[in-house]
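These notes concern the structure reproduced below.
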Amino acid sequence: MMQTLKLHIYKSGKADPETKITIPLSVLPVSERLLPQKVKASLAREGIDLNELGSLFGKQGPKGKLIEIENTNEKIVILVE
């Protein structure tokens, strides 16, 4: 099964994500160009570079929740499945 990177972006105080994005790790290097601008802005505000994140994974990298970032406006959860 192909590993995927999942981005869940929640608005403050909401239980369900406003935005959910699933990216196969194999296409991560080109996927940044396909992301919605508001998702890129959310990641950039937190200093997250998807290309750098992709370089951390080998064929069998870590799985599960990698990071959860929460500020007054939103919460970003990045996980690998």
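Things to note:
- Each residue of segment 11-19 is assigned a 3J(HN,Hα), and the resulting list reads 7, 3, x, 9, 7, 9, x, 6, 10 Hz, derived from the Karplus form 6.51 cos²θ - 1.76 cosθ + 1.60 (θ = phi - 60°), x at Gly and Pro.
- Cα-based Lys pair tally, the chain, threshold under 21 Å, eight or more apart or on separate chains: 27
- If only the Cβ of Lys and Arg carry +1 and only the Cβ of Asp and Glu carry -1, the dipole of the chain around its Cα centre is close to 160 debye.
- Selected from 13, 2, 30, residue furthest toward positive end of dipole (the chain; charges at beta carbon): 2
- Amide H contacts of residue 18 (H built 1.01 Å from N, under 5 Å, at least 5 apart or other chain): 9, 10, 11
- Cleavage-rule hits (trypsin sites (Lys or Arg not before Pro)) in segment 1-56: DSSP loop, at most 12 neighbouring Cβ within 10 angstrom: 14
- Length released on extending from residue 6 to residue 21, taking residue separation times 0.36 nm less the Cα-Cα span: 4.8 nm
- Remark on residue 3: its backbone amide H falls under 5 Å from those of 25, a criterion applied only to residues 5 or more positions apart or on other chains, H modelled at 1.01 Å from N.
No lab work stands behind these numbers, since they all come straight from the coordinates. Please read these numbers as outputs of a predicted model, since none were measured by experiment. In this analysis, Cβ positions are derived from the backbone assuming ideal geometry, glycine residues included, and neighbour counts consider all displayed protein chains.
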